[in-house]
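The values are calculated or read from the model by the stated rules, or taken from the named source; none is laboratory data. On a predicted model such as this, the values are computed, not experimentally measured, just so you know. All Cβ positions, glycine included, derive from the backbone under ideal geometry; neighbour counts span all protein chains shown.
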Amino acid sequence: IGHAQVDTALDGRSMLQLLGGEQPDRQVISEYMAEGTLEPVRMVRFGSYKYIAVNNYPGQLFDLEKDPEETENVAGRREYAAAERDLRSRAEAGWDGAALKRSILASQRERAIVSSMKQHGVAPKWDYDAVTPGNFHFPGI
């Protein structure tokens, strides 16, 4: 774009085709595990389908061509079996929902300890003073 010459390696893929109106087959993966989420969630969009994997829950499959509002879960239907297998496989590739949940819960416990310390006036300093040389305030230092 803009005839810029890029000499460094960049993550991701060019979106130039999309700007030109083309719709190449591409996979989109998204994860959601915000504070208070009961289980990690991973979504895969490929072609006209969207699959949602939720740790310890049945998957959800949506046919976005027929149901762009995602109101009808078609997972488990015989006519969608191949698409469901394909997208479930894509969702599970490199993703361990159980391990991720353990990691999230451990992080939440650690942050709860810091929050409790703050309430009792014993909060650690997390700031960095760039003005005063040698004045570093990082955890554990």
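General remarks:
- Scanning region 33-70 for residues that are acidic (Asp, Glu) and modelled with pLDDT under 90 yields 35, 39.
- Qualifying residues in region 30-62 (those that are among the polar types (S, T, N, Q) and assigned to a strand (DSSP E or B)) - the one surrounded by the fewest Cβ atoms within 10 Å (Cβ to Cβ): 30
- Positions within region 73-101 being surrounded by 13 or more Cβ atoms within 10 Å (Cβ to Cβ) and assigned to a loop (DSSP other than H, G, I, E, B), in sequence order: 73, 74, 75, 77, 95
- Flag if residue 43 is within 25 Å of residue 102 (Cα to Cα) and touching a Pro at 6+ places or on another chain (Cβ under 7 Å): no
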